[in-house]
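Heads up, the thing below is written out as structure tokens.
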Amino acid sequence: MSKGTQDKELHRGLEERHITLMSLGAAIGVGLFLGSASAIKMAGPGILVGYAFSGLIMFFIMRALGEMAIQKPVAGSFSKYARDYLGPLAGYITGWNYWFLWVVTCMAEITAIGIYMEYWFPSVPRWVWALAALVIMAGVNFLAVKAYGELEFWFALIKIVTIIAMILIGAGMIIFGLGNGGMATGIKNLWEHGGFFPNGIKGVLLSLQMVMFAYLGIEMIGVTAGEVKNPQKSLARAIDTVFWRILLFYVGALFVIMAIYPWEEIGTKGSPFVLTFEKIGIPGAAGIINFVVLTAALSSCNSGIFSTARMLFNLAEHGEAPKNFGQITKSGVPGIAVLASAAALLIGVVLNYIVPAKVFTWVTSIATFGAIWTWGVILLSQIRYRKTLDMREVKALKYKMPLFPFTSYLALAFLAFVIGLMAYNSDTRIAIVIGPLFLVFLVAVYYIKGFHKRDNIKTTVKKRII
């Protein structure tokens, strides 16, 4: 391979442990630490069913992505698969939509960082911390991909250790009465306050938007496919354990919290994680948890800049973003694409300084709409991908979607159902307006810029060659 070709390629510097922890870190964010309280208010203990079933659906979506990513590990992942199996327009929309959803999510994250830092520095304006976080995370993304993976590894580890500690301490309270004068609390709180489904099944259904927002980021495994040293082994292991990790961290943590505290009290007396650590008598529990939630937001912002830059790189390769975004630094990073994403987030620093708190809820629902589009495209691409294979090729697949095609269609139906619920709920309805409007805007740009003509020429040439 010539030096010129090498300079245009992303470096495969991510180890298996980086991939595993990055996928975990992306899934365990403010959605669990902060979003879970509002979801519990809607569903009560029944939220456990919501997280478990949604987790199973996410597992199927990740298996669908893995089936393609292991056969064809590329940067941009699902945007590239959409282009190959659903057509150039689908690839273009998916790439830009994913960039948009992560920029929107990161805007929320850097604002959250400002709020968390207020705990220690109440006199410093929030925007200062938001800006500082943005500059530091953009800087980190300029490091070689291995250094990025290393930092993300430790960020994720802090969150994981905290959650495991909370589950173990909580289990000690439930079984042995730890921190409760030796009186075991048991798990009766799960059904003693209005039953397991205090607000009925409707409460669980209305909480699904927040549940799905919490899972936003799991598909990051696919974005890293172009920079993994051993895609077949690393991606397969990371995806296979996703469902079990979700059960442990989401369902396990929330089970413990709702067993110890009546569900109506959660969210009214501060973070449920802080309450649990304080009850056991750990001094400075609020400060410790604040630090952990801060790293969770930094980690998500870090992942967001990473994935948006890779999407811009992929779009530039196809001529659907400025050519400069396809340039690689000496350390194998798409530098100008990183700067472009950071610049877009700068708007977020200004916007979040000006707009009221209500917009924060809107931002999460808009991001969820974008995520559902991405997950739907992954499933549709995988269904079309299977149709391109003959029986012999299907048998030769190294990593298969279980119970195909039933699971692919079940996951698609569930995603459509969540979109319907978002339209029904007045708080999240704005996402069903903004999301499709952005997609229409992308389609308009696609045709105005004449991308369709160029894609038609490419398709015709390809057919002639074949």
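The values are calculated or read from the model by the stated rules, or taken from the named source; none is laboratory data. If you're wondering where the values come from, they're calculated on a predicted model, not measured in any experiment. Using ideal geometry, Cβ is built from the backbone for each residue, glycine included, and neighbour counts are taken over all protein chains shown. Keep in mind that these areas ignore ligands, DNA and RNA; they rest on the heavy atoms of the full protein, side chains included. Shrake-Rupley method; radii C 1.70, N 1.55, O 1.52, S 1.80 Å.
Numbers below:
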{"quantity": "Carbon and sulfur %, accessible surface of the range 355-437 computed with the full protein complex present, 1.4 Å", "calculated": "71 percent"}
{"quantity": "Solvent exposure of the range 275-412 as accessible area per residue, Å², 1.4 Å probe", "calculated": "42 Å²"}
{"quantity": "Accessible solvent surface per residue of the range 97-180, calculated while the other protein chains remain in place, 1.4 angstrom probe, Å²", "calculated": "40 Å²"}
{"quantity": "Portion, in percent, of the accessible area of the range 96-232 that falls on carbon or sulfur, probe 1.4 Å", "calculated": "75 percent"}
{"quantity": "Relative packing of peptides 396-404, 324-332 - highest average C-beta neighbours within 10 Å first", "calculated": "324-332, 396-404"}
{"quantity": "Within the accessible area of the range 239-349 (1.4 Å probe), percent carbon and sulfur", "calculated": "69 percent"}
